[in-house]
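Just below is one structure, and these are the notes that go with it.
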Amino acid sequence: MQIDGDGKSILRVVPMADEREKQRIKVIKDGPYRVTGGLPLYEQVIVTDEDGHSKELVDIKEFPRRETYILCRCGASKNKPFCDGSHREIHFDGSETASRKPYIEKAEVFEGPDLKLTDAPEFCDHSRFCLRAGGIWKLIQKSDDPEARQAAIEEAMTCPSGRLVLWDKKTGKPFENEFEPSLVLVRDKQKSCEGPIWVRGGVAIESADGSMYESRNRVTLCRCGKSENKPYCDGSHWMNSEQKLQFQKKWGLDPNKRQ
């Protein structure tokens, strides 16, 4: 049993070893994602607070269980979220450009009295959960205050992309929900668009070339076809080129130098 940032208990269904081995997402070259191992598929919507800041994700749909299914990656399917072959018609370029370096090697470190934040901006899906109460970067500077500490923990644990990981400086352990291995289709009501695929619980992600991406508790995959950090989401489902350029400059990101 795991306790989340709101003090609520979360029951994790732990798959057997053989079952877990089958659970993976395979990136198809210039095509969709093939999902195997009977991974649950949900749809959730981003809920905002009274100030318009993203606060939580709420279930709106659970899809019937399938052992294998194919999810659209190009954004052109007429049968979303599933693939209908449209990637071939539009000559989709699904080239994978994301860095293969481990998260911790790419992350910047920000420290407060009681909490440490690791931050890898290139993973950001721009769901905006980190902006409440002045933003997580300010909150950790006041992490000896119980209210600020709790707000920072909630924001980090809700970050779908895994850009932000918050650590307890006393124990050295991260604050993480123990997710059942599963996929969530994110709907961004505030931006009036479909968001990324939120991959939870350490699901294996295999590249088109057969190599494996780092297994993590939280990552988001592009499903609009526009990301410059494929297969990961980079916010292109709602951000325009100028907005993305400003973000890259702010955080010192150069998409041409990813390794």
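The values are calculated or read from the model by the stated rules, or taken from the named source; none is laboratory data. As the structure is a prediction and not an experimental result, all values here were calculated from the model. With ideal geometry, Cβ positions are generated from the backbone for all residues, glycine too; neighbour counts draw on all protein chains shown. Side chains included, ligands, DNA and RNA excluded: accessible areas come from the protein's heavy atoms. Shrake-Rupley method; radii C 1.70, N 1.55, O 1.52, S 1.80 Å.
Given the criterion crowded, with 17+ Cβ neighbours inside 10 Å, under 25 Å from Gln243 (Cβ atoms) and not acidic (Asp, Glu), identify the matching residue among Ser54, Ser86.
Exactly one of Ser54, Ser86 is crowded, with 17+ Cβ neighbours inside 10 Å, under 25 Å from Gln243 (Cβ atoms) and not acidic (Asp, Glu), namely Ser54.
Restricting attention to region 73-83, which residues are in a loop (DSSP other than H, G, I, E, B), without any contact (Cβ under 8 Å) to a residue 60 or more places away in the chain and surrounded by fewer than 19 Cβ atoms within 10 Å (Cβ to Cβ)?
Scanning region 73-83 gives Lys78, Asn79.
Taking the conditions exactly as written (modelled with pLDDT of 95 or more and either assigned to a strand (DSSP E or B) or more than 29 Å from Val47 (Cβ to Cβ) (or both)), does Ile104 satisfy them or not?
Yes.
Of everything in region 220-249, what is part of a helix (DSSP H, G or I) and either in contact (Cβ under 8 Å) with a residue 24 or more places away in the chain or acidic (Asp, Glu) (or both)? Give them in sequence order.
Glu242, Phe247, listed by residue number.
Taking into account only those residues within region 136-149 that are over 16 Å from Glu108 (Cα atoms) and out of contact with any helix residue (DSSP H, G or I) (no Cβ under 8 Å at 6 or more places or on another chain), which is least open to solvent (accessible area, probe 1.4 Å)?
Filtering region 136-149 for residues that are over 16 Å from Glu108 (Cα atoms) and out of contact with any helix residue (DSSP H, G or I) (no Cβ under 8 Å at 6 or more places or on another chain), the one least open to solvent (accessible area, probe 1.4 Å) comes out as Asp145.
Filter region 118-137 for residues that are in a helix (DSSP H, G or I), touching a residue at least 24 places away in the same chain (Cβ under 8 Å) and either hydrophobic (A, V, I, L, M, F, W, C) or more than 19 Å from Gly252 (Cα to Cα) (or both) and give the result.
The answer is Phe123, Arg132, Ile136, Trp137.
Among Asp119, Asp114, Asp125, which is open to solvent by less than 70 Å² (accessible area, probe 1.4 Å), touching a Phe, Trp or Tyr at 6+ places or on another chain (Cβ under 9 Å), under 13 Å from Leu166 (Cα atoms) and acidic (Asp, Glu)?
From the options Asp119, Asp114, Asp125, the qualifying one is Asp119.
Conditions (1) among the hydroxyl-bearing types (Ser, Thr, Tyr); (2) within 17 Å of Pro196 (Cβ to Cβ); (3) in a strand (DSSP E or B), marked per residue:
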{"residue": "Val47", "(1), (2), (3)": "no, yes, yes"}
{"residue": "Lys55", "(1), (2), (3)": "no, no, yes"}
{"residue": "Val58", "(1), (2), (3)": "no, yes, yes"}
{"residue": "Arg65", "(1), (2), (3)": "no, no, no"}
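Considering (1) in contact with a Gly (Cβ under 8 Å, 6 or more places away or on another chain); (2) open to solvent by less than 30 Å² (accessible area, probe 1.4 Å), say which one Pro196 fails and leave the rest.
(1)
Looking at (1) part of a loop (DSSP other than H, G, I, E, B); (2) in contact with a Pro (Cβ under 7 Å, 6 or more places away or on another chain), which one does Ile70 not meet, given that it meets all the others?
All conditions are met except number (1).
Show the residue pairs meeting these rules: Cβ distance below 7 Å; 6+ apart or different chains; first residue within region 167-186 and touching a residue at least 60 places away in the same chain (Cβ under 8 Å); second residue part of a loop (DSSP other than H, G, I, E, B) and of a type in the set (Lys, Arg).
Glu178/Arg12; Phe179/Arg12; Glu180/Arg12
Only one of Arg187, Arg216 is open to solvent by 20 Å² or more (accessible area, probe 1.4 Å) and either assigned to a strand (DSSP E or B) or on the phi > 0 side of the Ramachandran plot (or both). Can you tell me which?
Only one candidate qualifies: Arg187.
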